[in-house]
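A.B. asks: Before we start, here is the structure in question, set down as structure tokens.
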Amino acid sequence: MNPFEQFLSAEQYREYQLEALNEALAYAKRNSRFWRERLSGFGALRSLEELAALPLCSARDIIERGAAMVCLPQNAVARIVSLESSGSARRKRLWFSDGDLERTVEFFAAGMKYLCLGGERAAIFFPDNENGVSSLLSQALARIGVSAEAVGPVSADALSVPAGADILIGLPAQLRALALADPGAKVKGVLLSADYIPRRVCELIGRIWCCPVLTHYGLTESGLGCAVQCSPGSAMHIRHDELILEIIDPGTCQVLPFGSEGEIVITTLRREAMPLFRYRTGDIGALSADKCSCGSELPRLSYVKGRAEELKKKINIHILDDIFLSRDDIIDYTARMDGAALAVSVFPESAIPAARAALAAAFPALPARFEAGGLFGSTGVLKRRIF
Amino acid sequence: MDNNTEWKCMKCGERLVPRKVVFDYMGRSFSEDFPCCPKCGLVLVPPEMAEGRMADVEQMLEDK
């Protein structure tokens, strides 16, 4: 079932999701020690609302008991992704089967149709690992007639758009720097993903290259893909055939209604290797039930505000990105705390006075030092952070 | 596992001898000496290796 090509009514989707959810719960209890224990005492659900009664799970569960969540024998696992997890020295490992990866490719193919036309060429600015994001995206693009090249993260030595690339896919800060450094490139579309995306970064890139800029929200736990815009500035269409999203109050853990901001919680519906039920993503966002201009009546992800852990801090990377990355004169910056002071490296050096003024306007009392540097402090697919 | 333990292959009854073994994972290859059955090729991966260095290397390669 493809959420982008069949506009089922919201009610029809809810029926599908309830059936898929009950199958997924039964499958997980049959095949995983962790879920058998965690879900003991919970039978089939009679409505999607009853999902809220199931226990939440978190990154800590994956770190400590991830292997017990796996429902397949090791020889049926096609790919494991290991991730560093904030607040833990141990890594999170996520298991995927061939079928899981195939459904991610289907989602990417459906989503990329919003941005690409057959015959176009795409450059993917993510690392090129076996069965990783770049590889799955390349397969998806090939299915819709778009040739793709995994060019790796944007490098400070090569701040120009690869020759012949029509569509660019990468991290917001990196593609933004590319747009500022190579404004004359003939880019037809941009997809931003893999980190917090300030709204004004989308506007800046779209204005410079005169092209649509769409955003995608996904995490490894969601099977890499989760939600994507169909037009600039709109709410993101969720991968409803594969995922149920809830928004909870991060303090009370109560489910919040459409429009309320809270922590994004995901439940997988068809994951074969490592299903997740009510997984706390640690990201803050909101859902919308408004009908999309494209005709879809299904709930969408209105926006993602950033990581809960970051947002708790008064000075956090998301706020700094909003301040610095909305300006045309700053190509990039990195920031680190130096005692109580914020040390900001700015590229190019000529933008330091503007950066100083912008920070002082937002945080007049914050001691800060500025220096030259700051190009691509975070590389690859690592999320930006204050060092 | 005690280094002096003498392991035998249950199927062949042969004493395991150190041999160079090549491991492939995520498009990379590694080789290391492991106790192997000289007849059927069975490889014994000691637990401290499986849960230690091999697990570390696996996770380093498992980027998305």
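The values are calculated or read from the model by the stated rules, or taken from the named source; none is laboratory data. Predicted, not measured: the structure shown is a model, and the values here were computed from it. Quick reminder, even Gly has a Cβ in these numbers, built from the backbone with ideal geometry, and neighbours come from all protein chains shown.
A.B. asks: What number of residues within the range A:292-309 satisfy the criterion of being in contact with a Ser or Thr (Cβ under 6 Å, 6 or more places away or on another chain) and among the basic types (Lys, Arg)?
C.D. replies: Of the residues in that region, 1 qualify.
A.B. asks: Out of all the residues in the range A:180-202, which are hydrophobic (A, V, I, L, M, F, W, C) and under 20 Å from A:Tyr114 (Cβ atoms)?
C.D. replies: A:Val187, A:Val190, A:Leu191, A:Leu192, A:Ala194, A:Ile197, A:Val201, A:Cys202
A.B. asks: So which of A:Phe126, A:Phe107 ends up being crowded, with 21+ Cβ neighbours inside 10 Å, under 21 Å from the mean Cα position of the chain (by Cα) and assigned to a loop (DSSP other than H, G, I, E, B)?
C.D. replies: Result: A:Phe126 is the single residue among A:Phe126, A:Phe107 that is crowded, with 21+ Cβ neighbours inside 10 Å, under 21 Å from the mean Cα position of the chain (by Cα) and assigned to a loop (DSSP other than H, G, I, E, B).
A.B. asks: Take the residues in the range B:19-64 that are polar (S, T, N, Q) and under 22 Å from A:Trp95 (Cα atoms), then tell me which one is surrounded by the most Cβ atoms within 10 Å (Cβ to Cβ).
C.D. replies: Filtering first and then ranking leaves B:Gln59.
A.B. asks: So, in the range A:332-362, of the ones that are touching a residue at least 40 places away in the same chain (Cβ under 8 Å) and not hydrophobic (A, V, I, L, M, F, W, C), which residue ends up farthest from A:Pro172 (Cα to Cα)?
C.D. replies: By that ranking, first place goes to A:Arg336.
A.B. asks: May I pose another question? Here is a list: A:Trp95, A:Trp35. Which entry is away from every other protein chain (no Cβ under 14 Å), of a type in the set (Phe, Trp, Tyr) and crowded, with 19+ Cβ neighbours inside 10 Å?
C.D. replies: After ruling out the rest, the residue left standing is A:Trp35.
A.B. asks: Now for a different question. Based on what the data block shows, is A:Ala173 outside any strand (DSSP E or B), free of Cβ contacts under 8 Å to residues at least 24 places away in the same chain and farther than 24 Å from A:Leu269 by Cα?
C.D. replies: Here the answer is no, as A:Ala173 does not meet what is asked.
A.B. asks: Being away from chain B (no Cβ under 14 Å), surrounded by fewer than 17 Cβ atoms within 10 Å (Cβ to Cβ) and modelled with pLDDT of 95 or more narrows it down to one residue among A:Cys294, A:Cys253; which is it?
C.D. replies: A:Cys253
A.B. asks: Being away from chain A (no Cβ under 14 Å) and in a helix (DSSP H, G or I) narrows it down to one of B:Glu58, B:Glu48, so name that one.
C.D. replies: Testing whether each residue is away from chain A (no Cβ under 14 Å) and in a helix (DSSP H, G or I) leaves just B:Glu48.
A.B. asks: Would you mention how many residues in the range B:7-45 are of a type in the set (A, V, I, L, M), within 30 Å of A:Pro127 (Cβ to Cβ) and more than 13 Å from every other protein chain (Cβ to nearest Cβ)?
C.D. replies: Residues that pass the stated criteria total 3.
A.B. asks: Considering only residues that are assigned to a helix (DSSP H, G or I), under 29 Å from B:Asp63 (Cβ atoms) and within 18 Å of the chain's Cα centre (by Cα), which ones fall in the range A:194-220?
C.D. replies: Once the filter is applied, which keeps residues that are assigned to a helix (DSSP H, G or I), under 29 Å from B:Asp63 (Cβ atoms) and within 18 Å of the chain's Cα centre (by Cα), the range A:194-220 yields A:Arg199, A:Val201, A:Cys202, A:Thr220.
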